[in-house]
1. With angles folded into 0 to 90 degrees, how steeply does helix 2-15 sit against the dominant principal axis of the chain? Use alpha carbons for both and round to 10.
2. Based on the mean of other beta carbon atoms within 10 Å per residue, what is the order of 24-34, 127-137, 53-63, most packed first?
3. Note the angle between two axes, namely the Cα long axis of helix 19-38 and the longest principal axis of the Cα atoms of the chain, as a number of degrees from 0 to 90, rounded to the nearest 10.
4. Per DSSP helix of 4 or more residues, -39500 (n - 2.57); summed, then divided by the residues of the chain. What does that give at 222 nm, rounded to the nearest 500?
5. For the chain, list log₁₀ I(q)/I(0) at each q in 0.09, 0.13, 0.14, 0.16 Å⁻¹, using the Debye formula over Cα point scatterers of equal strength and ignoring solvent, two decimals each.
6. Can you give me the angle between helix 45-56 and the longest principal axis of the chain, using Cα atoms only, in degrees from 0 to 90, rounded to the nearest 10?
7. Per-residue HN-Hα couplings for segment 112-120, Karplus 6.51 cos²θ - 1.76 cosθ + 1.60 at θ = phi - 60°, whole Hz, x for Gly and Pro?
8. Please give the length that would be gained between residue 57 and residue 113 if that part of the chain were fully extended, namely 0.36 nm times their separation in residues minus their C-alpha to C-alpha distance (nm, one decimal).
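A short reminder: the numbers here are calculations on the coordinates, not readings from a lab. Not measured: the values here are computed from a predicted model. Quick reminder, even Gly has a Cβ in these numbers, built from the backbone with ideal geometry, and neighbours come from all protein chains shown.
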Amino acid sequence: MEQNTKESIIQWISDIDVPAALISYAYRTIQKSFAKELAPYHIGWGHFAILVSLYEMEGRSQDSLALSRGFDKTMIAKSVVRLEEEGFVRRETDQDDKRVKRLYLTEKSRNLRQEMERIGYRLNEVLLRDSDADESALIMRNLRKIALNASEL
C-alpha cells in the first residue's frame, strides 16, 4: 500500500503544472517533517524559526523579529510566550525604550543549537538532493523570485 501511495504522489507531482499546488505540497510536507523532528522539544516550525533567528542575532526585539522573517506580530508574541514557558527564551525590557521587549536565549536553547542546526541542514540537504552546485544556485534564484512575487500578494 505504501509503495502505491508513493507512486501515486510521484505521478501527481510529475503531472501537475500549477506552481501553487507544488509549493503547497512542498510546504505541507516540510511542515510534517519539522513537526516530527521538533516534537521531542515541544516546539513547532515557528518556534524553530525564532530560535534560529536568535542564534544568528540575540537580543532582537519581537517587532524586529517579525519584520525580518515576514511573520505576523501576533504569531511572534504567542510563540515567544510558548518558548518562554518551555524555558528556551527570556524577555527583557529594553533599557532605552521600556515599550520594547528584547529576546535572549537561555542555556537550554543554547545547548540545543547544534541539534536545531542539524534539523535545518538535513531538511535543506534533502530538498536539494541530486542537484549540483549550479542547479542549487538556479533553484535558489528561482525560489527567491517566487518568494518576492508572493510578497506582493
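1. 90 degrees
2. In decreasing order of mean packing, 24-34, 127-137, 53-63 become 53-63, 24-34, 127-137.
3. 50 degrees
4. Value at 222 nm, helices only: -22000 deg cm²/dmol.
5. Debye intensities relative to I(0), on a log10 scale: -0.38, -0.76, -0.86, -1.05.
6. 60 degrees
7. So the J values, rounded to whole Hz, are 8, 3, 4, 5, 4, 5, 4, 4, x.
8. Between residue 57 and residue 113, full extension yields 18.9 nm more.
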